[in-house]
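Before any comments, here is the structure.
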Amino acid sequence: MGAYALPAGAGFAVNRLSPALGAEIVGLDVSRPLPPHTLASVREAFQTHHVLCFRDQRLDDAALTAFSTQFGPLEKFPEKDKTRGAPEVYHVANVSAEGEQLPPEDPRVIFQRNNARWHTDSSYRYVPSLASLLYGIEVLPEGAKGGETGFSNMLAAYAALDDAMKAHLDHLHQVHSYGDIRRLEPQMPPMSREERDALPPVTHPLVRVHPDRDFQRSLYFTSNTSVEIGGGTLEEGRALHAQLLDWISRNEFCYYHRWRANDLVMWDNRVLLHRAIEYDYARYRRVLRRTTIAGSGPVMGPYWPVARAATGRRGPWPS
Ligand SMILES: [Fe+2]
């Protein structure tokens, strides 16, 4: 794909990965602190492309954490047994922290399987995350089936809806609940009471407005904790959820990242859904490490007074 023009002196190349979203960053070592002008160029590329893949990085957990922190404070992962070293470092693997490959029925592998459902990270928080960073340590060999991370562009998916559908979605919400992962994956052991109480269910508007994008709108929903949309009957909510999943899975909105070892992939949870493509868990090892950058505010919907004042809309789309 074509290169994207950056301000002079950015010191690295940005190449588009797909028409829908994503760019690779070549020629930048992120294991050292970035000077302010370079960081500003990275932020600009991130805002434009939504997914950045920094190739050929050499990062231990401390360096991954240090790079991530330049974009904001990090979230602590809700369940300690899925982290490594620090609660901010989430161990995404079918291999234990000690390096043993886990059987497919291990709860930690089942948890990975749940990530095969389209979702956006930490939507179960009242203030969900801004971004996730995922570093590839052991990845599937070339030619192996699966193991990609799929991304779908929710700005584009919303924009392509017809006006009647936009009007239909405008006022709807979805419940996001970390505890509901157990509803979809009943083989997982129950959470402790403390873990449950720390993350009560929340609702978010199905249509998200983005103050940092001139109040542009995107879809915002998940399928890893919920298979219903609220605001109608249960049957309607399930049917709409299924319909939206079909819609956002269309190739025109998606990019599937085939991992190379030492890729660091950073994505925008505010405007994308993502999913891990399943692979043969018994045959291949896959080890990645993730940090998550906390969001700066709750998900705002079309009825947020600031958005209504800014866009001049007083009623449902397309008033
Ligand atoms: Fe995820």
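Which residues, counting only those in the stretch 83-101, are without any contact (Cβ under 8 Å) to a residue 12 or more places away in the chain and away from the ligand (no atom under 16 Å from the Cβ)?
Scanning the stretch 83-101 gives Pro87, Glu98, Gly99, Glu100.
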Lone unmet requirement of (1) without any contact (Cβ under 8 Å) to a residue 60 or more places away in the chain; (2) in contact with a strand residue (DSSP E or B) (Cβ under 8 Å, 6 or more places away or on another chain); (3) of a type outside the set (A, V, I, L, M, F, W, C); (4) closer than 24 Å to Val51 by Cβ for Gly230: (4)
The lone exception for Thr48 - which of (1) in a helix (DSSP H, G or I); (2) β-branched (Val, Ile, Thr); (3) surrounded by 17 or more Cβ atoms within 10 Å (Cβ to Cβ) it fails: (3)
Residue among Leu288, Leu240, Leu273 that alone is in a helix (DSSP H, G or I) and buried (at least 17 other Cβ atoms within 10 Å of the Cβ): Leu240
Residues of the stretch 181-223 satisfying the condition of being over 30 Å from Ala310 (Cβ atoms) and either within 18 Å of the chain's Cα centre (by Cα) or of a type in the set (Ser, Thr, Tyr) (or both): Ile181, Ser192, Ser223
Residue count, the stretch 13-33 (criterion: modelled with pLDDT under 95 and buried (at least 17 other Cβ atoms within 10 Å of the Cβ)): 0
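Okay, residues lined up against (1) within 16 Å of the ligand (Cβ to nearest atom); (2) part of a strand (DSSP E or B); (3) free of Cβ contacts under 8 Å to residues at least 24 places away in the same chain; (4) more than 26 Å from Gly230 (Cβ to Cβ):
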| position | (1), (2), (3), (4) |
| --- | --- |
| Tyr124 | yes, no, no, no |
| Leu161 | no, no, no, no |
| Asp180 | yes, no, no, no |
| Pro189 | no, no, no, yes |
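The values are calculated or read from the model by the stated rules, or taken from the named source; none is laboratory data. Every value quoted in this text rests on a predicted model; they were computed, and no experiment measured them. Positions of Cβ are backbone-derived with ideal geometry, glycine not excepted, and every protein chain shown enters the neighbour counts.
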